[in-house]
Amino acid sequence: MVSSRQAIMIVMAFTPFLLIYESDSASCSQIDCVGIPEFASSQKVNLSVYYESLNPTCANFIIKDLAEIFNKDLIDIVNLQLVPWANSHINKTNNSISCQNGTDECQLNSLESCVLNDFHDVNKYYALIFCFEFLAIEGRLKNLTNCFSQLGLPEKLTLDCYRRGNGTELGRKYINETAHLSPPHTFLPWVVVNNKPLGKDYANFTSYVCEAYNGIAKPAVCKSG
């Protein structure tokens, strides 16, 4: 498990990273970014993670293993898709949603769905969900909104989405997507690389991403070993 100090260091490290990312994006729109490798979107590898927000195994994967795509340069060749509500079910009688770990999990799934809907920058939505999942492991769900201020990100749009119940409606989409997995998931987290489920080897996703990537400019992590 990630220690409190490690988790806090990683979360707080995202704040200057987000500012640098936005600054670089702005400057590159005006001048040619010579020397920066370009990774065509069509060449990027799809990495999908199906999870439940209060599942300890999922939380540890998100804040420990998955963080490696940012600590290394793997994110440059990856389209990351996070899919909450993976073990939730829709009651066909009254159309309500039940979550494996109860009401608190449904609420956190809903909040994370709003984050994914409102923040389209992978650096931002991953940073927020990382922070949420770390606090969930710590048993500090009441402090979730602090993540926005810690990361310097606006909270109004996401909290309005959550309070209106839009996150639950988004959850129906995620539940439907999970239900159509082929083969069906048998445990969580269920990690898929370019439609290929990794099964029990999900923590080794880096090697699968590198193998699936067909671009010319490979990141350093794919060249090592």
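Annotations for the structure displayed:
- Residue match in segment 111-132 (condition: farther than 25 Å from L153 by Cβ and surrounded by 18 or more Cβ atoms within 10 Å (Cβ to Cβ)): no
- Checked against the criteria, T103 does not count as more than 30 Å from D76 (Cβ to Cβ) and surrounded by 15 or more Cβ atoms within 10 Å (Cβ to Cβ).
- Contacts under 6 angstrom Cβ, first residue in segment 172-201 being touching a residue at least 24 places away in the same chain (Cβ under 8 Å) and over 24 Å from S96 (Cα atoms), partner of a type in the set (F, W, Y) and in a helix (DSSP H, G or I), 6 or more apart: V191/Y202; V191/F205; V193/Y208
- Scanning segment 45-79 for residues being without any contact (Cβ under 8 Å) to a residue 60 or more places away in the chain and either crowded, with 19+ Cβ neighbours inside 10 Å or of a type in the set (F, W, Y) (or both) gives a total of 2.
- Test result for K92, assigned to a loop (DSSP other than H, G, I, E, B) and either basic (K, R) or at pLDDT below 95 (or both): yes
The values are calculated or read from the model by the stated rules, or taken from the named source; none is laboratory data. Everything numeric here is computed off the predicted structure, so don't read it as measured data. Glycine also receives a Cβ, built like all others from the backbone with ideal geometry; neighbour counts cover every protein chain displayed.
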